[in-house]
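Right, one structure below, let's go through it.
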Amino acid sequence: MSDFSVSDFGIVADANTNQAPAIQAAIDACHNAGGGRVVIPAGRKIFAGSIVMRSNVELHVERGASLIASGNPDDFKVVVGNLKHRQAFIMADGADNIAFTGAGVIDGNGRAYVKENLPHIYVMKDGRPKTFLLLGCHHVTMRDITVRDGANWTVRFSGCDDVVIHGIRIYNDLKTPNSDAVDLDRCRNVRISDCHIESGDDCIVLKALHETEGYGPCENITVRGCTLVSTSSALIVGCEAKAVMRNVIFDSCTIQRSHRGLAVHLSEGCDVENILFQNMVVETRAFHPKWWGRGESIYVTSIPWTKKDTVGVVKNVRFINILARGEVGVFIRGWEPRLIDGLLLENVRMEVDKWSKLPGGQHDIRPYPEDEGGDGPVGNGVYDAPIDAFYIKNATNVTVRHCEAAWGKNRQPYMRHALFAENVHGLIVDDFTGTAADPKFDDIVRDDIPTEPGMRRAVVRS
């Protein structure tokens, strides 16, 4: 492999100079030579604006080196693709066989874009760049690097095929809004493994955005062996979905100090199907109301973004072998019963407790802006409600098998039933254990609603 050190292309030791032209010259020379490795040497701190990757190029950041995004928005004027928000640090459009490797640091310099430091969230300046933006690329590898302080979506792949992300570390500020760690938008055949991620928004999120509609569905994704911390959702499918998202496995991850744990959050008109969450340890707590969520460990919804929108169906989702502790438990809600269909909870232990100082006893269905009854706005889709360990409303063909509800030491007056099911067609509860938070409440509440032809009635087996 041929190496192209950026030191040979005019890099200067100056934190106030945009070094992108020198780095771009090294990338272009490597590409024109048929491929190879562009090296950021150990011991260097290099500030740069937009860089565009080319096919057959590996960007290698050596241990002890840092490649840092400029704090000047004017340094991110290079354009790839036809996107609405396209400022980015490291970009590629249609590149093939590219890689990002090394034990060094790629820094998004999010701290340079903080406008106001509120107690629980930053107010950000305009023009903050994404750290990575890859469009329509094939055969992409990201391995061993540390990505730090993303100013906006940190690692965004849109329409990419055959992607490996292994052993990377992402450390974003937990107060930075929209600093998603990994966004997979309409991507296919992606494998993420053995990563540690801390992010001020979703850690790993699947999307199908309107602006990238030419790339098709988001499908065939596996995520394994990751450790995750998030001020939003640690692992989530949705909520932006203009094409089907399907065939996804999340396996053997641990989630700590997160706002939501495992989520399928559908708000638009396409379906989500064949999603498996298994072998997880999850801890969730409430954060400031500026962040969506109230501390749900498992969250599944199909609720339209606005009253004018339609929403698709969440079907064939499985949660198996989950140990969870949260300030809200399992929250499953469809806008109508058939919008969540074929859901399984098996070997799920859900312990509900309270340890943050923020108020509890609320449901959060944002972005929908109406209250539960649709009678008027409540500000942003948050409304007061009792908290049940397992809450299921408006769903079809739901099985709860070998599950356990438990309550922590700090039980609150708003904590109620071990399992509450309302308007659930075809509910099976098999070997469920757990009592209500207070003896005056029933342990299990369910409505045996009249069923349509061919539908099962609610069944409870002890």
Mind grabbing the base-10 log of I(q)/I(0) for the stretch 224-365 at q = 0.11, 0.14 Å⁻¹? Debye formula, identical points on the C-alpha positions, no solvent, two decimal places.
-0.36, -0.59
Excluding same-chain residues fewer than 8 positions from residue 115, which lysines have a Cα within less than 19 Å of its Cα?
125, 130, 175, 290
Just the number, please: Stokes-Einstein D of the stretch 1-158 in µm²/s, Kirkwood Rh from C-alpha pairs, 25 °C, 0.890 mPa s.
157 µm²/s
Counting Lys +1, Arg +1, Asp -1, Glu -1, what net charge surrounds residue 245 among other residues with beta carbon under 12 Å of its beta carbon?
0
May I ask for the net charge around residue 148, where only other residues with Cβ less than 12 Å from the Cβ of residue 148 are counted and Lys, Arg are +1 while Asp, Glu are -1?
-2
Restricting to Cα pairs below 8 Å that are 6+ residues apart, what does the relative contact order work out to for the chain? Please round to a whole percent.
7 percent
Where does each of 333, 257 land when they are ranked from fewest to most other beta-carbon atoms within 10 angstrom?
257, 333
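Mind sorting 153, 291 by how few other Cβ atoms lie within 10 Å of their own Cβ, fewest first? Working shown, then result.
Details: 153 26, 291 23.
Placing the least packed residue first, the sequence is 291, 153.
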Between the stretch 245-296 and the stretch 45-69, the Cα center-to-center distance that results, in Å
32 Å
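Based on the Kirkwood radius over alpha-carbon pairs, what is the Stokes-Einstein translational diffusion coefficient of the stretch 180-461 at 20 °C with 1.002 mPa s viscosity, in µm²/s?
Details: Rh = 18.5 Å.
My calculation gives 116 µm²/s for D.
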Backbone HN-Hα couplings from phi across the stretch 261-267 [Karplus 6.51/-1.76/1.60, Hz, Gly and Pro as x]
x, 10, 9, 10, 10, 9, 10
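Could you work out [θ]222 nm for the chain from helices alone, using -39500 (n - 2.57) per DSSP H run of at least four and dividing by all its residues? Round to the nearest 500 deg cm²/dmol.
Details: 1 runs with 13 residues, N = 462.
That comes out to -1000 deg cm²/dmol.
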Between helix 20-32 and the chain: long-axis angle, C-alpha atoms, 0 to 90°, nearest 10:
90 degrees
Using the 10 angstrom Cβ neighbour count as an exposure proxy, how do 287, 420 rank, fewest first?
420, 287
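Every read-out reported here was derived from the displayed coordinates using simple, explicitly stated rules and does not represent laboratory data. Predicted model only: the values in this text are computed from it and were never measured. Because the Cβ atoms are built from the backbone with ideal geometry, glycine has one as well, and the counts that use them run over all protein chains shown.
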